1. I'm checking my understanding of the structure. Among residues of the stretch 1-13 that are part of a helix (DSSP H, G or I) and surrounded by 13 or more Cβ atoms within 10 Å (Cβ to Cβ), which one is farthest from the chain's Cα centre (by Cα)?
2. Residue check: is Asp16 part of a helix (DSSP H, G or I), at pLDDT 95 or above and not hydroxyl-bearing (Ser, Thr, Tyr)?
3. Could you tell me whether any residue of the stretch 33-51 is more than 25 Å from Ser89 (Cα to Cα), within 11 Å of the chain's Cα centre (by Cα) and surrounded by 14 or more Cβ atoms within 10 Å (Cβ to Cβ)?
4. Take the residues in the stretch 67-81 that are surrounded by 11 or more Cβ atoms within 10 Å (Cβ to Cβ) and charged (D, E, K, R), then tell me which one is farthest from Gln8 (Cα to Cα).
5. Here is a list: Ser64, Ser24. Which entry is surrounded by fewer than 11 Cβ atoms within 10 Å (Cβ to Cβ), outside any helix (DSSP H, G or I) and either polar (S, T, N, Q) or touching a residue at least 60 places away in the same chain (Cβ under 8 Å) (or both)?
Amino acid sequence: MVIQKEIQEYMNRHLDLLLAQTKSYVPFIKTAFPSTDLTDACFNLIVGNAFSVFLGQYAMRIKSPTEEDLIEFGKIASQYREKISEIFSK
């Protein structure tokens, strides 16, 4: 892992929180957006939110993420696509 352990743990907790929130909003989401590809829409929202938090974690440490850090963020976030897909396949 390239990302600092503290940042990685924070990001995993944050992504888990966003996933849990998504699960609680499923009835509303399916009603409000019945013909939308909900997996992609929710994944994009979650990753956008998580990326802001990711950059904020670096800013608090007065650092900038390296290219390797950004690649690692992508790997972490990609793990949640399947979890989000499972939510909407029920």
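1. Once the filter is applied, the top-ranked residue is Ile7.
2. So Asp16 fits the description; yes.
3. Yes, the stretch 33-51 has at least one match.
4. Filtering first and then ranking leaves Arg81.
5. Every option except Ser64 fails the conditions.
The values are calculated or read from the model by the stated rules, or taken from the named source; none is laboratory data. In this text the structure is predicted, and so the values were computed from the model without any measurement. Here the Cβ is made from the backbone with ideal geometry for all residues, glycine too, and neighbour counts use every protein chain on show.
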